[in-house]
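A short worksheet on the structure shown next.
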Amino acid sequence: MKTEICIAPECNQIANGSRHYCIKHYLRWRRHGDTTNRSAATCLETRLKISRTLINNPVSYWTGKTRGHLTAEWRDKISKSNLGKVGYWFGKSKPHSESTKQKISEANKGQKRPPRIFTLEQRAKLSKTKLGHTVSAATRRKLSASIKRIAKHGKDHHRWAKSPVHPKRLLYNGQSFRSSYEVRFAKALDARRIAWKYEPRRFNLGAFTYTPDFYLPRDKAYWEIKGWYDPQSKRKVELFREQNPGIPLVLANKSILEMMEASQ
């Protein structure tokens, strides 16, 4: 039996039966929609078509096909072709039109999303996945640096000129207080029949604002009640006294508060 060689240019593989091509070239041309015999000229024509297709649409041609590493030149062409397009896959992630948004809004009316509450079993699974997981010092430094870049300070902060959020509130004589020390101080003033105002004024210190706890009209002085004098609170008090030297500010800690209560 005579062995036939593939008639494709520069191919020395054995032809597949009566097709005159090896299995590689036959499947290649069949994929492009033509299973007839190809001459060298036709093969060159197919190569030109493939080349033009790659130039016009370099990504979609290779979708689902195997290829090697792209050269820097090809990556630059793909990057330029994607400029100004939404999504990498040529419009598959386009933003919704106004009519589509309206349809989605109408379809979601009246529907309530279930709260994201984990069961005890799910919590146990999440806890197990975190066991032994540690973050390296380098990663912590990167996270800290990124947070500092994103964080906003001064008037750009979303909490600028707003009272701090406290989960607990204590009521006394119709006034809501932030801590039990403030309630005790208000009671001590009432026992001495000294009029007081709670957080009547907010001062702009430049980098942040500051609101003293109490103002005593009789003494024309502000009072700050502190159980824990942290560095940030210390900085605020120092800045207040530097920028407002004519306004007295008295700092009262736990020992002063207990002394006032004992002398009632």
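The values are calculated or read from the model by the stated rules, or taken from the named source; none is laboratory data. Predicted, not measured: the structure shown is a model, and the values here were computed from it. Virtual Cβ from ideal backbone geometry, glycine too; neighbours counted across all protein chains shown.
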Original post:
Of the residues that make up the range 85-99, is at least one surrounded by 10 or more Cβ atoms within 10 Å (Cβ to Cβ), of a type in the set (A, V, I, L, M, F, W, C) and at pLDDT 70 or above?
Top reply: no
**OP:** Run Phe203 past the list (1) touching a Ser or Thr at 6+ places or on another chain (Cβ under 7 Å); (2) closer than 28 Å to Gln264 by Cβ and report the number of the one that doesn't hold.
**Re:** (2)
**OP:** Scan the range 93-117 and report the pairs whose first residue is closer than 27 Å to Asn82 by Cβ and whose second residue is modelled with pLDDT under 80 and of a type in the set (A, V, I, L, M), with Cβ atoms within less than 8 Å and a gap of 6+ or a chain change.
**Re:** Ser93/Val86; Lys94/Val86; Pro95/Val86
Subject >> Filter result for His133 (loosely packed, with under 10 Cβ neighbours inside 10 Å, at pLDDT below 80, out of contact with any Phe, Trp or Tyr (no Cβ under 7 Å at 6 or more places or on another chain) and not in a helix (DSSP H, G or I)) >> reply: yes
